[in-house]
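No value in this document is a laboratory result; all are computed from the given coordinates. Keep in mind that what you see is a predicted model, and the values were worked out from it rather than measured. Quick reminder, even Gly has a Cβ in these numbers, built from the backbone with ideal geometry, and neighbours come from all protein chains shown.
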Amino acid sequence: MTPAVLVLARPVTRDEVAGLCDDVRGLLETTGAGVVICDVGGLGPPGLGVVDLLARLQLTARRAGGRIRLRDPDPALHALLDLVGLRFESVGSVEMEGEAEQREPPLGVEEEVEPGEPAV
C-alpha cells in the first residue's frame with residue numbers, strides 16, 4: 001500500500017493547523033494507509049511554530065491509528081525536534097524509506113560509594 005502524502009509547500013499560519021490536521025485524518029481514513037508522508041521541504045526556516053504543527057499532525061495521526069513521516073526535513077529542523085524531544089522517522093526525497101535514527105542512551109552520573117561512608 002502506498003502511503004498518503006501531504007505537501008507543506010510554504011510556511012503555515014496558526015489558523016491553518018486545524019485544517020491540516022483534518023487533512024491528515026482524512027488521508028488516513030480514505031487511503032487506509034497507516035502512514036502519511038509530510039513533505040516539509042517548503043516550510044521555510046524551522047521554528048517553534050513548525051514544531052507545534054508537526055506535533056499536532058503526529059498526535060492527530062496517532063489518534064487515527066497512523067503516524068507521520070517527514071520527507072526532506074532541513075537538518076536544522078531535525079536538530080530542533082531533537083532539542084524539544086520529538087522524534088519523527090524520515091523518508092528520503094526519492095521515496096525510499098529510511099530507518100529511524102538511532103540514539104545513544106542518555107549518560108548519567110555514576111558515583112561509587114564505599115559501604116559505611118556517610119551520605120553527602
Exercise. Stokes-Einstein D for segment 3-68 at 37 °C, 0.692 mPa s, Kirkwood Rh over Cα pairs, in µm²/s?
Worked result: 281 µm²/s
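Among 67-80, 11-24, how do they line up from the highest to the lowest mean number of other beta-carbon atoms within 10 Å? Intermediate results must be reported in sequence, preceding the final value.
Values: 67-80: 17.4, 11-24: 13.7.
For the peptides 67-80, 11-24, the packing ranking is 67-80, 11-24.
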For this session: Please give, to one decimal in nm, the separation of the simple spin-label points placed at Arg87 and Leu59, each 7 Å out from Cα toward the Cβ.
Result: 2.0 nm
